[in-house]
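What follows draws every value from the coordinates through simple rules; no lab data is involved. Here the structure is a predicted model, which means the values were calculated and not measured. Cβ sites come from the backbone with ideal geometry, for glycine too, and all protein chains shown count toward neighbours.
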Amino acid sequence: MKFSIEKKDLLPFIQHLNNIIPSKNTMPILTNYLIKADENENQLIITATDLEITVIATIKANIMLGGKVAVSARKLMEILTRMPDEVINFIYQEDELLITSISAKFDLLCAEANQFPMVPDVDLADSVAFNAGLFRKMISSTSFAVSTEINRPIFTGINWTLDPEFQMMAATDGKKIAEFTHHKPTHVTERIDCIIPTKGLNFLDKVITENFDTVNVLIEPNRVIFSYDSYLLMTHVIEGRYPDYNKAIPKNNNSILIVDKEHLKQAIGRVSLLATEDTYKIHLSISNNSFIIDCVNREEGEAREKITEFTYDGKDIEIAFNYKFLLAIINVIETPRVEFKLGASNEAALLFNVDQEEDYSTRFLLMPLRLL
Amino acid sequence: MNLFNKIRGQHRALEMLHSVIDNNKIGGSYLFYGPEGVGKYTTALYFAMAINCLEEDKPCGTCYSCKKFLSFSHPDFIYLFPTPNMKFQLDGSIKEEKFLKEYESFLASRRQTPWNTYTFSQKTELRVDAVRMLIHRISFSPNEAKYRICLLEAVDLMNRTTANAFLKTLEEPPPNTIMLLTSSRPDFLLPTILSRCRKVPFLPLSVIDIQNELLEEHGVEAMQARVFARLASGNMEKALQLLESGNTESRADANELKELIVAHDDLGFMDFLGKLRQKPPSWLYEVIIHLQISLADIAFFEHNQEYLVNIDRTHLIEMMYHKYPNIDENIWEEIRFLEDCQKKLKGNVNSQLILIEIYNRFCELFC
Amino acid sequence: MRKIIHIDMDAFFAAVEQRDHPEYRGKAIAVGGLPGSRGVVATCSYEARKYGVHSAMASSLAVKLCPHLIFVRGNYEAYREASAIIRRIFLEYTDLVEPVSIDEAYLDVTVNKKNNPSATRLAAEIRQKIKAETQLTASAGVSYCKFLAKIASDLEKPDGLVVIPPQKALDILSKLPIGKFHGIGKATEEKMKQLGINNGADLRSWELQPLLKRFGKAGQYYYNIVRGIDERQVVTSRIRKSISMERTFSDDIDDLETLKEYLSTIAEKLAQKMNEKGFKALTLTVKLKYSNFEIVQRSCSAKRAFDENNIISSQAKCLLEEFYDRQRSVRLVGIGLSSLVWKDVKISKQMTMPFYEDSQYIKISNNDKIF
């Protein structure tokens, strides 16, 4: 293998991939990049994986001789960073990767390329394009609600439904549900459901910036592949069927509370200072002419805040929530006001945006704290 | 070469596994059970390789799949073994440098030979963190293997919570995921775990099997191979341990002590006592083991010479036998006396006193 | 004579903001709702107070009083963190700490961990430590009762330390405007002023009976405090982690019914103990030691709290049945109650949707040491 490339053409890709490389892993091969030089296409294909997600960068370079090698990610990154801004030559021979520029020279011992986890060939011909901004919004509106209990792996991912007529992402940890629906026809011909681990999606959310308009997606039985810019991201899927959470969504929550979002957030922020760490409980008392949030903490005292600007139509209600969960939902509400649909004290509350005119919609459910 | 041929003395187990591979009826979970040091782990590893091997003669040990198994870098091979509490992360990382090093040294020693006993710095068991990592890993679709393999060594070293966490996975493993468990104490397993597995029985190795393994794989001299194969009582791991300690000072020192006893050389014994100060506490313990073996040798000397262990020291055995021909009748009393000494040692009784007690008693016996 | 310190952080939220954002230092800032949105001021810096801005004032009014007032959205994590540090400092001196809110607490240092008889010195030291570790200032008041300690901390705010010894107490109280008496709110203040009570001296001239007549039970309190009498204790609400009880048998037992009877007896004693202390528990653990000394235990969490004898006893028996290996004999049984809370504390539990799970029992981790 032999190729050359300008430092500035290579380094950004290496830095991007470095985010994937696991540190202190018990499987040392994962601390390597797989570098493949493709003579025919005159390009480099560099892969990093942590077994859960795999990211592949394709980079134009001057390839003199094809081949592949696994090389320490940390070392390569350190060397590249310190190299002067010049053309860098790479030659692989006898287990060593020779890295040279006009002024510097390194010999790097390498691992065998076929010890690296297999990277399947990807044909993106059948992939479907999505608006990148919308895609990010879908992820950030739902990923906070996934479960962290590994005993219930199905709930540790986001369920993504692609239907010819619409698409939807949903997540739940049994205490809350977040659901985002885009009411526009998609390019799929039949309905597909897959459960995607949050790690891959959160990574996408972070790296897809305003610079890209579209993300291409290819769904395979074992994995989902996203392509953006010069990168491919593959994530394994969580095997199994996502349970039907709709039966947990109340139909008769007729008490409607509408309140200014920022105002509410501030009030919760203050009252919650005295919430205890076992339940993070804050307590809401709502009637047609009064809305009070309070929190009594035997060890530290009490906090109480009266919300003046709100409308409420329904029975008087006392209800308690884990304020962290409540804030997590309010944080992804996009409109200036937030709507609560409430039932009884020990029943789920529903939260919505108010008067949002978009081609998508969201709904959130939050289970209260049962008052024993 | 088919790697299964390297396994010695486990015909029943191999027959079973061969038929599984040949008939391609692979699914489910397996428990490899039987005494320590007879090849359960190695067989399980080879079985895992055979299931995924790309060649005809499975497991070949040379295709890229087999190679990844042998180097523990296969992405669909999850290997759990008893460890100290290393705080395993879900993604398979270990944050504390010291533990990561130990983990890597363990694997390195495993790659060298499966019979090595690697000693961790702290008490080991199969930890709940490791099982959580396994559960997390297998919730994803496999990367490249036909069958994903989870190999759990010494599953009996799991506490109840961990066992319960694991049980659910064992009951409903994801598709194409094979669980291989090994245990030398199957009676300690939860009945629910036992009932979920196909059982693969392992037997103690014969003296000949161990002798041949020592000769052929470890380059041990013929005479020594014979000695340690006998001492090992069917446990290959122990044979190698004995080989290691047997070649070290403690065996030579035990022989020196025996000669002092036969000669009733009190002055020499005083010098010998002086040695004690520079030795680790385990030294006297090992010397006592060798004394026990020597007692057996003396008792066997007249009628069962083929059982002799210290064949390289027959002249000393003979000399001692002649000093105490009736040892046959009292041997268990003496063995028990030595066992008692070991117990005292562990109970931190002054080791000098113990050594003196042994010397005095044996001088009387062999005078 | 008791020695009480009252510590009150100076403009706490605003001070944290000024510490973390140098550009706010020396400026009038307010933490709380923005003026456009009918919000209120949660705290404001001393620079803002000069203009008459105070906490709980409507933001729109505050901005009229002080047009250059900077509104800051609170960083509540930072406040929480600072508060935790301060609390830790208090506990270095005494366990008798009664927090009033996130930035205020009473300490009883009559007996203290430093064996220092001077409460004044201790207060100075605490203030110094707070300053060193959080870069925030606190005002302290030292006296022989909570009421006077609180008055004292307010006298030279900010960054002040005031001691009110018993001989000066009446003097200070006499001159104190009636609105400054802690426990006398706006409404009461108005009422007192109408009665001609403008300061402590005025209040002291009233007999007990007329005060009771005008102000009900609170009258007794007013009557006492103005005479420097305040017997309220500094109450900590720190609670122990668990209570357990076990029984070792002289002869091993292998009969389930007999074991259950022992559990009943233990449960009864435990319930009594819990009652005396005023606790209830959220977690119950049953422990067994088999004849080979192997110890096994199993825990469950409550749908409602464990407080009554019959609940403890029936849940314990239920657990025992679940995990006792009937083939084996037992040397010891025990019950442990943990996650204790005060009886009158309303407990709440996060609800979970039924499709997710509906299991009542939790598994115990190895690290939980209840016995």
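Laid out as a table, the results:
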| quantity | calculated |
| --- | --- |
| Under 27 Å between alpha carbons - lysine pairs in segment A:2-115 that sit 8 or more apart or on different chains | 27 |
| P(r), alpha carbons of segment B:127-284 - 5 Å bins starting at zero, rounded % | 2, 7, 13, 11, 9, 10, 10, 11, 9, 6, 4, 3, 2, 1, 0 |
| Rg to Rh quotient for segment C:169-225, alpha carbon positions, Kirkwood Rh | 0.91 |
| Rg over Rh [alpha-carbon atoms, Kirkwood Rh] for segment A:127-236 | 0.94 |
| Sequence-distant lysines (8 or more away, or on other chains) whose Cα lies within less than 16 Å of B:K67 | B:K58, B:K146 |
| Relative counts (whole %) of C-alpha pair distances in chain C, using bins that are 10 Å wide | 5, 17, 19, 20, 17, 12, 7, 2, 0 |
| Pairs from A:K281/B:K168; C:K50/C:K131; C:K3/C:K157; B:K275/B:K343; A:K281/C:K277; A:K137/A:K265 whose Cα-Cα separation, in the structure shown, is over 29 Å | A:K281/B:K168 |
| Simple spin-label estimate for C:K27 and B:L203 in nanometres, 7 Å along Cα-Cβ | 8.7 nm |
| DSSP-defined antiparallel bridges as percent of all bridges, chain B, nearest 5 | 10 percent |
| Reciprocal mean inverse distance between Cα atoms of the protein assembly as shown - Kirkwood radius, Å | 36.4 Å |
| Segment B:3-203: mean projected area of Cα convex hull, nm² | 10.4 nm² |
| Using alpha carbons only: equivalent-ellipsoid semi-axes of segment C:85-155, gyration tensor based, whole Å | 16, 15, 12 |
| Computed magnitude of the charge dipole of segment C:242-342 (debye, nearest 20; Cβ of K, R +1, Cβ of D, E -1) | 420 debye |
| Segment A:1-81 - Rg (one decimal) and Dmax (whole number), Cα, Å | 12.3, 36 |
| Set of aspartates and glutamates near B:K25 by C-alpha distance (under 19 Å), chain-local residues within fewer than 8 positions excluded | B:E15, B:E55, B:E56, B:D57, B:E171, B:E172 |
| Exposed-site-free run, longest, chain B (rule: chymotrypsin sites (Phe, Trp or Tyr not before Pro); DSSP loop; at most 16 other C-beta within 10 Å) | B:148-367 |
| For segment B:84-154 and segment C:279-318, distance of Cα centres in Å | 35 Å |
| Along each principal axis, Cα extent of chain A, largest first, Å | 79, 52, 36 |
| Mean shadow area of chain B over all directions, Cα convex hull, nm² | 20.5 nm² |
| Extension gain from C:F323 to C:K346, taking 0.36 nm per residue of separation minus the Cα-Cα distance | 5.1 nm |
| Greater than 31 Å apart at Cα, pairs in A:K324/C:K114; A:K176/A:K199; A:K315/C:K150; C:K317/C:K346 | A:K324/C:K114; A:K315/C:K150 |
| Rounded Å value of the spacing that divides the Cα centres of segment A:50-76 and segment A:292-329 | 53 Å |
| Part-to-part distance (alpha-carbon centres) for segment B:177-192 and segment C:89-163, which is given in Å | 61 Å |
| Exposed-site-free run, longest, chain B (rule: trypsin sites (Lys or Arg not before Pro); DSSP loop; at most 11 other C-beta within 10 Å) | B:124-276 |
